[in-house]
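Peer 1: First the structure, then my questions, so here it is.
The values are calculated or read from the model by the stated rules, or taken from the named source; none is laboratory data. Since the structure is predicted, the reported quantities are computational estimates derived from the model, not experimental observations. Neighbour counts are summed over all protein chains in view; Cβ atoms, including those assigned to glycine, are modelled from backbone coordinates with ideal geometry. Please note that ligands, DNA and RNA were not included when accessible areas were found on the heavy atoms of the full protein model with its side chains. Shrake-Rupley method; radii C 1.70, N 1.55, O 1.52, S 1.80 Å.
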Amino acid sequence: MNFSELENIATGKVIQLVTDSPITNLIIDSRKVVLHEGAVFFAIAGPRNNGHDYIGDLYALGIRQFIIENNLDIQKFPDANFFRAESSADALQTLATHHRMDYAIPVVGITGSNGKTIIKEWLFQLLSADYRIVKNPASYNSQVGVPLSVWAIGSQHELGIFEAGISQPGEMDKLENIIKPTIGIFTNMGTAHAVGFVHLQQKLSEKLKLFTGVKTLIYCADHHLIDQAVLQNNIPKLSWGKNSNADIQIQANESGYIFSFQKKHFELVLPFQDVASVENAFHCIALMLHLGYHSDVIQNRISALKSVAMRMELKEGINQCQVIDDTYNNDLAGLQISLDFLASLQKKKIIILSDILQSGMTDEALSKAIADLLAKKPIHEFIAIGPVLKTHQRYFSFVPHSSFYLSTEEFLNRFDFTSLFNKSILVKGARVFQFEKIVHRLQRKVHGTVMVIDMGKLVHNLNYFKSKLKPGVKVMAMVKAFAYGSGSEEVANLLQYHRVDYLGVAYADEGVELRKKNIALPVMVMNPTEEGFALMLLHHLEPVMYNLKTLRAFVNFLGQRRASIHLEVETGLHRLGLEENDLDEVINILKNKPDIQVRSIFSHLAGSDEKIHDRFSQEQFDRYQKLVQRLSDELHIKPLRHMLNSAGILRLPDFQLDMVRLGIGLYGVDPTEENSNKLEMAATLKTVVSQIKKIKPGETIGYGRRGVAANEMAIATIAIGYADGFSRSFSNGKGVVLINGKKAPVIGNVNMDMTMIDVTGINASEGDEVIIFGEGLPVKEVASNIGTIAYEVLTSTSERVKRVFVSEGI
């Protein structure tokens, strides 16, 4: 779809058309922009934020396509396309609706008051081994979140799973038109967002509109209101529950649950007991039964379910406490579920609760309802935050200990956290109260070594490199070597979301792992082996043919099957690659094997990072062009051509061709001698001080007594060693770390699991954070201290080091 076609789809008019570019990326948040020729920004004038205010910034960044709804002086943006819509949000929805019509895959639509996101994420875990699935990222279930999610449907997908949330009448009609589910799941009905509806029956009727065209609706028949409404509306159903009318009968026994379905009976054991998780799992099981899964497969996959970090996380707290983090939302139905979970824990119970917003009830009636719920549970202490609960605190006099605060800040400043010992604490609050601050204060800090990956900085770096590319140049992102130490799965998911064109890995098993994590992008395998041919074919991976031996073996393995390959040609690096005198046989083999598609032909520059090698780079490029031309002409193909790595993108724009390979630059390392400082380091490796000691003059430190105290000194032992990837080459002062903004040298030898550093004259304490590389201590500087390169330091970080991903603004 091109920009000019918007007039045929959405209500509005193209008011400026410079270049009729395709529409590929839809953007509504100026903070989440990734440069792309097909990116379109929808300027939505909301009650708190007006998207039109950011058009100038986005234009300066390189965005050239805009949909607007307000008056705007477009003459300030001479190179941009503009479409004036009656409503930018409506145009977004219309575009997604049009896109959905192009795909006939089955789609699961999920709505209800609670459990939508959990069920969606669990279904993804349960079904992704058999389907290529597209789903909402996080909880993108709103009027703008749903169209952005549905826009991600591509030809590679085999199943869609989308959740939909509404807050007022009329919204679900629009979401149903966008999602067009073929299968529905109605989770439950509660009081969440009831303020927008006259009564519960209206809310139920509105939610049911998502299932207008489904072939099957899955729901719990024990929810009487839902069951009645489904039957009255003659919606094709697959219900479950204890209800005798349920299609799937479920009864609990001592070890699990007995399911009766289509005259078959089987038992399933669930890996959890709380009411909410059990109900969510039953919805998932019902869908799997509907899709024809055998009970044995269902049991195996249910047993392997991983928790979703959005709802009721049980965390280790301070002073031997347990903390239930339920800071996702707050409503009466959800509170009941959370209290049931709290009741299952053995320690004395404390609840920290915010006011419930948008309940549709008067403040007094709501406070009474909350008190009624608490009265049925063994609550030892009640901590209420918000003006409503504070005003009506008299209803909670039955709790042995209670306290009331107007705000989260007041609670954090006044509460005595030392009074908490060996308790189970439920923290449940509406998002506006920012109860994550309370969880952070209550959670025990686990000291250790972690690598923090800032996904926002990855996107910044991706944008920067894309800004250097000519129109139409594709991007292959290299995620080999555990994504340069950063974590392949998470980084690949981000890159897939932001629509890079290709991924590159070193070995087949790296590509297989990406496929297992539902990464559907094309993947080039740079170092294929004969043992991995079957895996590559099974998982649609594309091997590089860098010599005749590998090419012959792959052709023999294929037989009559189809496959895609890449050809690497030798131009001067003298590592891997087909030589010029190999081309006759290569051409002969491929002419006789039309089932093999050559996706690209590429080579590597030996010195793209330094100006001194530019003449040689030009010679390599000319040699490459000659080889590609011959292969293309004689095989009658038009493969992608690529030669540039991160350094080449920055320094050699004339060599961009059809695609570039973005590697270490994505992670914030500028590999060139110029060091433009435009990149942001995405990875921070840090550890903590385990212990501090005073050392007398003449005493020695560490194995081999390599460290010697010339004067009285303070040394700190930090929790990192060569088993974590902190090389022994950093021993005896060659390495430095950053503690409280000061550089501290390594003293003595680096040990397997720990290292000693000299903190004499530094204000340091046990438990302090220590930066190995990151802000204030660039990885290039760390690498140069031991005569190596940033690549080695990044990729050496052991997989035993926990990766923590932060994604503010992504």
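Peer 1: From 599, 641, 630, grab the single residue that is touching a His at 6+ places or on another chain (Cβ under 7 Å) and under 25 Å from residue 548 (Cα atoms).
Peer 2: 599
Peer 1: Still on this structure, I have one more. Of all the residues that make up the range 749-767, how many are more than 21 Å from residue 797 (Cα to Cα) and open to solvent by less than 60 Å² (accessible area, probe 1.4 Å)?
Peer 2: So the answer is 6.
Peer 1: Quick one: which strands (runs of 3 or more DSSP E) sit completely within the range 630-733 and have at least 1 residues that are basic (Lys, Arg)?
Peer 2: 640-642, 659-662, 683-695
Peer 1: Here's a follow-up. Suppose the filter is among the polar types (S, T, N, Q) and either open to solvent by less than 30 Å² (accessible area, probe 1.4 Å) or under 30 Å from residue 521 (Cβ atoms) (or both); does residue 156 pass it?
Peer 2: Here the answer is yes, as residue 156 does meet what is asked.
Peer 1: Quick check on my filter: what residues within the range 382-396 are under 38 Å from the mean Cα position of the chain (by Cα) and free of Cβ contacts under 8 Å to residues at least 40 places away in the same chain?
Peer 2: Listed by number, the residues that qualify are 382, 383, 384, 387, 388, 389.
Peer 1: For the range 418-460, which residues satisfy the criterion of being of a type in the set (Val, Ile, Thr) and in a strand (DSSP E or B)?
Peer 2: 425, 427, 450, 452, 453
Peer 1: Would you be able to tell me the number of residues in the range 135-150 that are open to solvent by less than 20 Å² (accessible area, probe 1.4 Å) and of a type outside the set (S, T, N, Q)?
Peer 2: Total satisfying the criteria: 4.
Peer 1: Let me ask another. For the range 52-87, name all the residues that are free of Cβ contacts under 8 Å to residues at least 24 places away in the same chain, within 16 Å of residue 29 (Cβ to Cβ) and charged (D, E, K, R).
Peer 2: Listed by number, the list holds a single entry, 53.
Peer 1: What is the residue count in the range 371-404 for residues that are touching a helix residue (DSSP H, G or I) at 6+ places or on another chain (Cβ under 6 Å), open to solvent by less than 20 Å² (accessible area, probe 1.4 Å) and of a type in the set (A, V, I, L, M)?
Peer 2: Selection size over the range 371-404: 2.
Peer 1: Looking at the range 176-188, can you tell me whether even one residue there is farther than 30 Å from residue 516 by Cβ, open to solvent by less than 40 Å² (accessible area, probe 1.4 Å), hydrophobic (A, V, I, L, M, F, W, C) and modelled with pLDDT under 90?
Peer 2: Checked against the condition, which is being farther than 30 Å from residue 516 by Cβ, open to solvent by less than 40 Å² (accessible area, probe 1.4 Å), hydrophobic (A, V, I, L, M, F, W, C) and modelled with pLDDT under 90, the range 176-188 yields no hits at all.
Peer 1: Within the range 734-778, take every residue that is assigned to a loop (DSSP other than H, G, I, E, B) and among the hydroxyl-bearing types (Ser, Thr, Tyr) and give me the one that is nearest to the chain's Cα centre (by Cα).
Peer 2: Per the stated criteria, the residue is 765.
Peer 1: Another question, if that's okay. Sort out which residues of the range 629-658 are open to solvent by 40 Å² or more (accessible area, probe 1.4 Å), farther than 25 Å from residue 679 by Cβ and not polar (S, T, N, Q), and write them in order of number.
Peer 2: 630, 633, 634, 636, 637, 638, 641 - these are the residues of the range 629-658 that are open to solvent by 40 Å² or more (accessible area, probe 1.4 Å), farther than 25 Å from residue 679 by Cβ and not polar (S, T, N, Q).
Peer 1: Wholly within the range 196-255, which strands (runs of 3 or more DSSP E) include no fewer than the required count, namely at least 2 residues that are surrounded by fewer than 19 Cβ atoms within 10 Å (Cβ to Cβ)?
Peer 2: Where strands (runs of 3 or more DSSP E) fall fully within the range 196-255 and carry at least 2 residues being surrounded by fewer than 19 Cβ atoms within 10 Å (Cβ to Cβ), they are 248-252.
Peer 1: Considering only residues that are outside any helix (DSSP H, G or I) and among the β-branched types (Val, Ile, Thr), look in the range 586-628 and name the one that is least open to solvent (accessible area, probe 1.4 Å).
Peer 2: Restricting to residues being outside any helix (DSSP H, G or I) and among the β-branched types (Val, Ile, Thr), the top hit is 601.
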